[in-house]
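Below: the structure, in structure tokens.
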Amino acid sequence: MSELHKFLFDGLPVRGMIVRLTDAWQEILARRASNTTTGAYPPPVAELLGEMTAAATLMQANIKFNGALILQIFGDGPLKVVVAESKPDLSLRATAKVIGELAADARLPDMVNVNNKGRCAITLDPKDKLPGTTPYQGVVPLFDDNGEKLGKLSDVLQHYMLQSEQLDTTLVLAADDKVAAGLLIQRLPVKGESNLEGTSGKDHDQANEDQIGRNEDYNRISILASSLTRDELLTLDVETILRRLFWEEKLLRFEPQAGMLGPHFACTCGRDRVAQMIRGLGVQEAEEILAERGDIEVGCDFCGKQYRFDAVDAAQLFKSPGDQMPGSSVVQ
């Protein structure tokens, strides 16, 4: 199962998390691969999307926010948009839209930042919004302070966290066709709690900004974390990773989160929702589609899963409850 591990460095102003997405990530890839219209994601897109999904999970778990965290990259390359969403219960979903040809070894700048116009947006959308409330959104470019293109998603997000929270952050991200994983190390706020919504006071912000790059404990742990390779992150279990990296440090571990209490896939689409949509079309339009195609096919724009209704399925949708024949709860 996918899992999330949180830990603190005892006596030091540093916290950390490791996420390993297995079944949740494989479900995202499988849904897109089974879509007869789009097909599977190209490998470079899948890798970036996996890293974004791991990062969104880490960032959601790192803040106290009752709503969805949406991580989005959009730009001027053949990859139009990439989105990963994580909710407070750590349910997640992700999607990407490709509009051009991609090289097999394409990197972040090649996909979304060809002319240095790519952007990364992080949106916090409250679950219980009051009337007139708009989601908080922070946007950063895909280049550094010198205008140089950033080559990795982790570089973009570290830059973002430094700007938005004034907190030193180290991210290591990796993904393949089986696992999407990430390690986050962050210096704790000087006082109180900083968060992505930017609600902390000016004194708090200044105190944190004054500490950027200066904490020796964080700097030492960051160097250790940065030594973690892509292959190690993807293939080693969490216990082995923590032991290899921080064997000299005293860690305070929290109970791992897994199953429905941990990261898990969830999309808002479903066969019942599609059935309601077909009913909304009306009998005549549904019959016209059936006459032309033989079935009614609807694909989720987000996860890519396709739902198909043949003539028998469609007829059942438009029958009144009294006309329904007893049937099975199994979808044929």
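The values are calculated or read from the model by the stated rules, or taken from the named source; none is laboratory data. The shown structure was predicted, so the numbers you read here are calculated from the model rather than taken from an experiment. All Cβ positions, even for glycine, are placed from backbone atoms using ideal geometry, and neighbour counts span all protein chains on display. In case anyone asks, the SASA skips ligands and DNA or RNA and just uses the protein heavy atoms, side chains included. Shrake-Rupley method; radii C 1.70, N 1.55, O 1.52, S 1.80 Å.
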**Request:** Tell me which residues, restricted to segment 129-175, are open to solvent by less than 60 Å² (accessible area, probe 1.4 Å), in a strand (DSSP E or B) and among the hydroxyl-bearing types (Ser, Thr, Tyr).
**Result:** 169, 170
**Asked** If the Cβ limit is 7 Å and pairs must be 6+ apart or interchain, which residue in segment 227-239 that is closer than 9 Å to residue 20 by Cα pairs with which residue that is in a loop (DSSP other than H, G, I, E, B) and at pLDDT 95 or above?
**Response** 234/176; 234/179
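Table: residues versus (1) assigned to a helix (DSSP H, G or I); (2) free of Cβ contacts under 8 Å to residues at least 40 places away in the same chain; (3) surrounded by fewer than 16 Cβ atoms within 10 Å (Cβ to Cβ); (4) of a type in the set (D, E, K, R).
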position	(1), (2), (3), (4)
249	no, no, no, yes
275	yes, no, no, no
280	yes, yes, yes, no
284	yes, yes, yes, no
288	yes, yes, yes, yes
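Among the residues of segment 176-192, how many are open to solvent by less than 20 Å² (accessible area, probe 1.4 Å) and more than 16 Å from residue 59 (Cβ to Cβ)?
So in segment 176-192, the residues open to solvent by less than 20 Å² (accessible area, probe 1.4 Å) come out as 179-187.
With more than 16 Å from residue 59 (Cβ to Cβ) added as a condition, the list becomes 179.
Result for segment 176-192: 1.
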**Some residue of segment 295-310 being more than 34 Å from the chain's Cα centre (by Cα) and open to solvent by less than 40 Å² (accessible area, probe 1.4 Å)** = no
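Inspect segment 221-234 for any residue being modelled with pLDDT of 95 or more, part of a loop (DSSP other than H, G, I, E, B) and either touching a strand residue (DSSP E or B) at 6+ places or on another chain (Cβ under 6 Å) or aromatic (Phe, Trp, Tyr) (or both) and give the result as yes or no. Please lay out each step first, then the result.
Filtering segment 221-234 for residues modelled with pLDDT of 95 or more gives 221-234.
After this cut, where a residue has to be part of a loop (DSSP other than H, G, I, E, B) as well, the list is 227-229.
Cutting the leftovers down to either touching a strand residue (DSSP E or B) at 6+ places or on another chain (Cβ under 6 Å) or aromatic (Phe, Trp, Tyr) (or both) gives us 228.
Yes, there is a match, as at least one residue in segment 221-234 is modelled with pLDDT of 95 or more, part of a loop (DSSP other than H, G, I, E, B) and either touching a strand residue (DSSP E or B) at 6+ places or on another chain (Cβ under 6 Å) or aromatic (Phe, Trp, Tyr) (or both).
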**Item:** Selection within segment 117-136 - out of contact with any helix residue (DSSP H, G or I) (no Cβ under 8 Å at 6 or more places or on another chain), modelled with pLDDT of 90 or more and not hydrophobic (A, V, I, L, M, F, W, C)
**Value:** 117, 119, 123, 125
**Fill in**
Selection from segment 109-151 of residues among the hydroxyl-bearing types (Ser, Thr, Tyr), touching a Pro at 6+ places or on another chain (Cβ under 8 Å) and touching a residue at least 24 places away in the same chain (Cβ under 8 Å) yields 123
**Request:** Out of the residues in segment 64-106 that are closer than 19 Å to residue 267 by Cβ and assigned to a loop (DSSP other than H, G, I, E, B), state the one that is least open to solvent (accessible area, probe 1.4 Å).
**Result:** 90
